[in-house]
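Engineer: The structure under discussion is supplied below as structure tokens; questions concerning it will follow.
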Amino acid sequence: QCLYQLLAFVPPGNGSLAVAVDTQHPLALQLNGSAGGAELCKIQYHFGEFGNYSLVVKTLSTSTNTVSCDLVINEDPVNSYLPILFAFLVYVGILAILIAGRLFMKIDPVRNWVCKKLNLRESDRPINSDLGSPNTPDSVSSDPTQRLWSTAPRQRLRSLDTFRGLSLIIMVFVNYGGGKYWFFKHESWNGKLHFPSAPFSRFVFIMGTSISLSLSSILKRGSSKWKVLWKILWRSFLLILLGIIVMNPNYCLGPLSWDSLRIPGVLQRLGFTYLVVAALELLFARAGTESGTLETPCPALQDILPYWPQWIFILMLEVIWLCLTFLLPVPGCPRGYLGPGGIGDFGKYPNCTGGAAGYIDRLVLGEKHMYQHPSSNVIYQTTMPYDPEGILGTINTIFLAFLGLQAGKILLFYRGKHKQIVSRFFIWGIVMGIISAILTKCSKEEGFIPINKNLWSVSYVTTMSCFAFILLLLIYYLVDVKRLWSGAPFFYPGMNSILVYIGHKVFENYFPFKWKMQDSQSHAEHLIQNLTATTLWVIISYILYRKKIFWKI
């Protein structure tokens, strides 16, 4: 539903000219006559990268002003996916070498020789991770219910750190450019869940899971709620401060300027979400719920019913989001508008980007303190600033973290009962998927509430939580139940997530994470650079893990 944009003016006679067209989406090329601007012909085509095409226009009848349009391929487009295939094969080769190394390490003489030479020591011990640590009870505890949690001396749920690390590494790769492939970029507005859409949402989800486990562990040790609340406030303040002072400004362009400083951001949203969800969990924490000593009317809902005040609070937040989104009057825009503005919706609402969400941010924060280059301005040519980490979307971020909190409660209530945990993760994933299907009508644009990462719509949250529950189920089963996978290499950045995230942003313009390329239009060069930078952060996190260096907030 975009307005046609002038691509070129074809000179009269047998003239020709060259233009560049987009290759991300299928395009509709419309040829209009110079006299009256009447449509002469239209052709739809999905152009390929670096292809060379000719649009041949022939006059069939001068009396009726009839023309024909034919598309001729002069040079075939290149296969831009070959660098991805090559990179995949390289990483598979590295994985094969590592697996072979592990097999050799099972041979006693080889293992003894390597351990003697490298002086290897076990460093897998319970360490508080950032954004909430899922410390599990000590394996030597005399409590039989705690011994059920793990049949081996492992003292930490590695699946949570693996889940967090996987999300983080994908975020790092995407932030570094993702090889300049369109599917590694954020969707312009509604629709398909591209590769970058999931990592941040999964990070929010696992933060909620960690909150549940870490607060349970802290309160069991006898810490007062006031002391814990102070730690929550302090951690949230530090995250927000780091986001505003360290992450948002680009100091390569000059000193910090308060006049145009962006206030929202990823760490700011994480900090505020952590504050609300952790305080909510702390406020309604009840003794005896996790141990099973507190009776509930329905044992099958023992991880939900004792926390009904929390659900009431979250539902109230969702009602607020729905009312503001669909009922708040926005000057110059239709009520309940969820579109991108610009040339979208046939250019009827050019200054309505984001509807109520964008309006609230511009009203409260001011246009100069918002994100100035949203993903919508590429396709929809929007001119209004819009912040994907704005105020209204934070409500649904809290909802997503709360669903992650529910996953943590499942791990606590059913510790040691792997079938119960796996089945409940699966049920939650199915329920969230059904809700998403209803909200979107299984369509891109025609649903009640489309999936939209920029708006953090309810359907986006339910869809992402569906994927998160299923992914956590798989990782938990492989890493902590069957122990077929140690979680490497994602486990290591998951143990130092704040350090890796802040570090990759601070040093993104410095060697060896970035260098001058010979051909800036080459996917291969961009992919090599981005994968190298991402791999370096994995190696750094592994070295820090071996040195037992963990940055906590």
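Engineer: Give all pairs with beta carbons closer than 7 Å in which a residue from region 76-104 that is over 13 Å from residue 527 (Cα atoms) meets a residue that is open to solvent by 80 Å² or more (accessible area, probe 1.4 Å); count only pairs at least 6 apart in sequence or on separate chains.
Structural biologist: Short answer, once both residue conditions are applied: 77/50; 78/50.
Engineer: Let me ask something else about it. What about residue 537, is it assigned to a loop (DSSP other than H, G, I, E, B) and hydrophobic (A, V, I, L, M, F, W, C)?
Structural biologist: Numbers: assigned to a loop (DSSP other than H, G, I, E, B): no; hydrophobic (A, V, I, L, M, F, W, C): yes.
Considered against the rule, which asks whether it is assigned to a loop (DSSP other than H, G, I, E, B) and hydrophobic (A, V, I, L, M, F, W, C), residue 537 comes out as no.
Engineer: Residue check: is residue 28 part of a strand (DSSP E or B) and small (Gly, Ala, Ser)? I'd like the intermediate steps shown before the answer.
Structural biologist: Working: part of a strand (DSSP E or B): yes; small (Gly, Ala, Ser): yes.
When the stated conditions are applied, residue 28 passes them.
Engineer: Working only within region 482-508, note down all residues that are touching a helix residue (DSSP H, G or I) at 6+ places or on another chain (Cβ under 6 Å) and either within 18 Å of residue 87 (Cα to Cα) or open to solvent by 50 Å² or more (accessible area, probe 1.4 Å) (or both).
Structural biologist: Result: 484, 485, 489, 490, 505.
Residues are listed down the side, and each one gets a yes or a no for (1) open to solvent by less than 80 Å² (accessible area, probe 1.4 Å); (2) modelled with pLDDT under 85; (3) basic (Lys, Arg):
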| site | (1), (2), (3) |
| --- | --- |
| 21 | yes, no, no |
| 28 | yes, no, no |
| 34 | no, yes, no |
| 38 | yes, yes, no |
| 44 | no, no, no |
| 79 | no, no, no |
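Engineer: Scan region 294-336 residue by residue and report those that are within 21 Å of residue 401 (Cα to Cα), more than 30 Å from the chain's Cα centre (by Cα) and outside any helix (DSSP H, G or I).
Structural biologist: 302
Engineer: Residue by residue through region 157-175, note down the ones that are modelled with pLDDT of 90 or more and over 14 Å from the mean Cα position of the chain (by Cα). Quick ask: steps written out before the conclusion?
Structural biologist: Here is the first cut: in region 157-175, the ones modelled with pLDDT of 90 or more are 158-175.
Across region 157-175, the qualifying residues are 158, 159, 160, 161, 162.
Engineer: Right, another one. Inside region 508-534, can you point out the residues that are outside any loop (DSSP other than H, G, I, E, B) and hydrophobic (A, V, I, L, M, F, W, C)? Give the derivation first.
Structural biologist: Of all residues in region 508-534, those outside any loop (DSSP other than H, G, I, E, B) come to 523-534.
Of everything in region 508-534, those that are outside any loop (DSSP other than H, G, I, E, B) and hydrophobic (A, V, I, L, M, F, W, C) turn out to be 524, 527, 528, 531, 533.
Engineer: Could you look through region 438-452, keep only residues that are open to solvent by less than 30 Å² (accessible area, probe 1.4 Å) and assigned to a loop (DSSP other than H, G, I, E, B), and pick out the one that is nearest to residue 199 (Cα to Cα)? Explain how you work it out, then say what you get.
Structural biologist: Our first condition is that a residue be open to solvent by less than 30 Å² (accessible area, probe 1.4 Å); within region 438-452, this holds for 440, 447, 449-450, 452.
If we keep only those that are assigned to a loop (DSSP other than H, G, I, E, B) as well, we get 447, 449-450.
Working: 447: 24, 449: 22, 450: 19 Å.
Going through the qualifying residues, I end up with 450.
Engineer: Does residue 461 satisfy the criteria of being touching a helix residue (DSSP H, G or I) at 6+ places or on another chain (Cβ under 8 Å), under 30 Å from residue 548 (Cβ atoms) and among the β-branched types (Val, Ile, Thr)? It would help to see each step written out before you state the result.
Structural biologist: Working: touching a helix residue (DSSP H, G or I) at 6+ places or on another chain (Cβ under 8 Å): yes; under 30 Å from residue 548 (Cβ atoms): no; among the β-branched types (Val, Ile, Thr): yes.
So residue 461 fails the test.
Engineer: Right, next: Got a sec? Which of 421, 410 is closer than 21 Å to residue 161 by Cα, in contact with a Lys or Arg (Cβ under 6 Å, 6 or more places away or on another chain) and part of a helix (DSSP H, G or I)?
Structural biologist: On the way: 421 fails: in contact with a Lys or Arg (Cβ under 6 Å, 6 or more places away or on another chain).
None of the others qualify; the one that does is 410.
For (1) within 22 Å of residue 29 (Cα to Cα); (2) outside the structural domain of residue 26 (by the TED database); (3) basic (Lys, Arg), each residue gets a yes or a no:
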| position | (1), (2), (3) |
| --- | --- |
| 50 | yes, no, no |
| 54 | yes, no, no |
| 61 | yes, no, no |
| 68 | yes, no, no |
| 72 | yes, no, no |
| 99 | no, yes, no |
| 102 | no, yes, yes |
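Engineer: List every residue pair whose Cβ atoms lie under 8 Å apart, where the two residues are 6 or more positions apart in sequence or sit on different chains, the first residue falls within region 326-347 and is in contact (Cβ under 8 Å) with a residue 12 or more places away in the chain and farther than 18 Å from residue 377 by Cβ, and the second residue, located anywhere, is of a type in the set (Ser, Thr, Tyr) and open to solvent by 50 Å² or more (accessible area, probe 1.4 Å).
Structural biologist: Listed by first residue and then by second, the contacts come to 328/359; 330/359; 331/359; 332/349; 334/349.
Engineer: Could you tell me which residue of region 192-215 is most open to solvent (accessible area, probe 1.4 Å), considering only residues that are at pLDDT 90 or above and not hydrophobic (A, V, I, L, M, F, W, C)? Can you show your working first?
Structural biologist: Filtering region 192-215 down to residues at pLDDT 90 or above leaves 201-215.
Checking which are not hydrophobic (A, V, I, L, M, F, W, C) leaves us with 201-202, 208-210, 212, 214.
Numbers: 201: 2, 202: 33, 208: 0, 209: 0, 210: 0, 212: 1, 214: 14 Å².
Checked region 192-215; the qualifying residue most open to solvent (accessible area, probe 1.4 Å) is 202.
Engineer: Could you list, in sequence order, all residues of region 46-77 that are farther than 26 Å from residue 17 by Cβ and either modelled with pLDDT of 90 or more or in contact with a His (Cβ under 7 Å, 6 or more places away or on another chain) (or both)? Working first, answer last.
Structural biologist: Within region 46-77, the subset farther than 26 Å from residue 17 by Cβ is 63-64.
None; the set is empty.
Engineer: Count, please, the residues in region 515-538 that happen to be among the hydroxyl-bearing types (Ser, Thr, Tyr) and surrounded by 15 or more Cβ atoms within 10 Å (Cβ to Cβ). First the steps, then the outcome.
Structural biologist: Filtering region 515-538 for residues among the hydroxyl-bearing types (Ser, Thr, Tyr) gives 520, 522, 532, 534-535.
Now restrict to residues that are surrounded by 15 or more Cβ atoms within 10 Å (Cβ to Cβ): 522, 534-535.
Residues flagged as among the hydroxyl-bearing types (Ser, Thr, Tyr) and surrounded by 15 or more Cβ atoms within 10 Å (Cβ to Cβ) within region 515-538 amount to 3.
Engineer: Among the residues of region 539-550, how many are of a type in the set (Phe, Trp, Tyr) and open to solvent by less than 50 Å² (accessible area, probe 1.4 Å)? Step through it out loud before you land on a result.
Structural biologist: Quick first cut of region 539-550, residues of a type in the set (Phe, Trp, Tyr) only: 542, 545, 550.
With the extra rule that they be open to solvent by less than 50 Å² (accessible area, probe 1.4 Å), the set shrinks to 545, 550.
Within region 539-550, residues that are of a type in the set (Phe, Trp, Tyr) and open to solvent by less than 50 Å² (accessible area, probe 1.4 Å) number 2.
The values are calculated or read from the model by the stated rules, or taken from the named source; none is laboratory data. Quantities reported herein were computed from a predicted structural model and do not represent experimental measurements. For neighbour counting, all protein chains shown are included, and Cβ atoms are generated from backbone atoms with ideal geometry for every residue, glycine included. For the accessible areas, the whole protein counts, side chains as well, though only heavy atoms, and no ligand, DNA or RNA atoms are used. Shrake-Rupley method; radii C 1.70, N 1.55, O 1.52, S 1.80 Å.
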